[in-house]
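Worksheet: the structure to be examined is printed underneath.
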Amino acid sequence: MKTVSTAADLRNAVSAWREKGQRIALVPTMGALHAGHLALVDQARRAAGKVVVSLFVNPKQFGPGEDFERYPRDLEADAEKLREAGADLLFAPPVAEMYPPGFATTVHVAGVSEGMEGARRPGHFDGVATVVARLLGLVLPDVAVFGQKDAQQCAVVMRLAADLGLPVEIRVVPTVRESDGLALSSRNAYLTPEERKAAPALFRALLAAQLVHELGERKAAKVLKVFRLAIETEPRLVLDAVDLVDAVTMRPVETIDRPVLLAAAVKLGRTRLIDNLVFGG
Ligand code: AMP
């Protein structure tokens, strides 16, 4: 696996492969890699002959007071994991390479990016859409792979690719979890041992809500109530936000008569964790 840090080196490597008729997959990440990211690399390997992984802690998608500065960074360990996972190229640019002097474009995907996390983290999805658009432009992949863990991000990227007519297939990989249900996340590294023990209550609450739906409940308000009660069983978890929305449009639903996304954010001490489930329809 080769590592490059400039857009020019990235383009050269990728165009050489393309000239040989190789299909190319892109996996965008912010590093601090775990088995969730590696599941994306695995999916990418099945989808294409060459796999490019980008590693960039994107300042544009962090708000003031968020964890941009303390976000975990370990390029060498990440490169080793990617080598073992069979990635072909690691693109790890500095900020000035992703956003060179004069960079003036912001990509805003209206609708799907504006509710839920978009409303609570102003500018977050503009940052995501802008960096993803630039990465797709640099690599021109046949396939780009994202994780269901960030469900609204997936919806934003799909809308972006469709609206701009980008010739890329967006694939979504199911959330990879620890054996106790906690979704793998680079931010889990912030948790104290006690917080780590409490953290799976988030997934259990999502499952409880899904279960009442499976038992016949169709009213969103009732399903949300079960979710909230389940969260309250773990006093260390503070519910930050929960949404029950149409799985495609990300608009709130009152009746569960189609596939819905139940997505929540909780705080555990200083750490904010997110998770979601899709059900119904
Ligand atoms: P990040 O490095 O957090 O920006 O994540 C990079 C990609 O990995 C995104 O598409 C995430 O949705 C995906 N991802 C993160 N955690 C998981 C997980 N536990 N399971 C599956 N995909 C994940």
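The values are calculated or read from the model by the stated rules, or taken from the named source; none is laboratory data. These numbers come from a predicted model, not from an experiment. Don't worry about glycine lacking a Cβ; one is built from the backbone with ideal geometry, like all the others, and counts go over all protein chains shown. Accessible surface areas use protein heavy atoms only, side chains included; no ligands, DNA or RNA. Shrake-Rupley method; radii C 1.70, N 1.55, O 1.52, S 1.80 Å.
Of note, Thr130 does not satisfy the criterion of being loosely packed, with under 13 Cβ neighbours inside 10 Å, closer than 26 Å to Asp9 by Cα and in contact (Cβ under 8 Å) with a residue 12 or more places away in the chain. Which one is farthest from the chain's Cα centre (by Cα), of the residues in the stretch 38-60 that are near the ligand (Cβ under 10 Å from one of its atoms) and open to solvent by 40 Å² or more (accessible area, probe 1.4 Å)? If we take residues in the stretch 38-60 being near the ligand (Cβ under 10 Å from one of its atoms) and open to solvent by 40 Å² or more (accessible area, probe 1.4 Å), then Gln43 is farthest from the chain's Cα centre (by Cα). Is the stretch 25-33 home to any residue that is near the ligand (Cβ under 10 Å from one of its atoms), in a helix (DSSP H, G or I) and not aromatic (Phe, Trp, Tyr)? Checked against the condition, which is being near the ligand (Cβ under 10 Å from one of its atoms), in a helix (DSSP H, G or I) and not aromatic (Phe, Trp, Tyr), the stretch 25-33 yields no hits at all. Scanning the stretch 133-163 for residues that are surrounded by 18 or more Cβ atoms within 10 Å (Cβ to Cβ), in a helix (DSSP H, G or I) and of a type in the set (Asp, Glu) returns a single hit, Asp150. Collect the residues in the stretch 164-181 that are open to solvent by less than 60 Å² (accessible area, probe 1.4 Å), part of a loop (DSSP other than H, G, I, E, B), within 13 Å of the ligand (Cβ to nearest atom) and free of Cβ contacts under 8 Å to residues at least 40 places away in the same chain, keeping them in residue-number order. Gly181 - this is the single residue of the stretch 164-181 that is open to solvent by less than 60 Å² (accessible area, probe 1.4 Å), part of a loop (DSSP other than H, G, I, E, B), within 13 Å of the ligand (Cβ to nearest atom) and free of Cβ contacts under 8 Å to residues at least 40 places away in the same chain.
So which residues in the stretch 102-118 are in contact with a strand residue (DSSP E or B) (Cβ under 9 Å, 6 or more places away or on another chain) and either part of a loop (DSSP other than H, G, I, E, B) or open to solvent by 80 Å² or more (accessible area, probe 1.4 Å) (or both), if there are any at all? Correct list: Gly115 only.
Sub-6 Å Cβ pairs linking a first residue in the stretch 139-152 that is in the same structural domain as Leu38 (by TED's automatic domain parsing) to a second residue that is part of a loop (DSSP other than H, G, I, E, B) and within 6 Å of the ligand (Cβ to nearest atom), at least 6 apart or interchain, are Gln148/Thr175; Lys149/Thr175, ordered by first then second residue.
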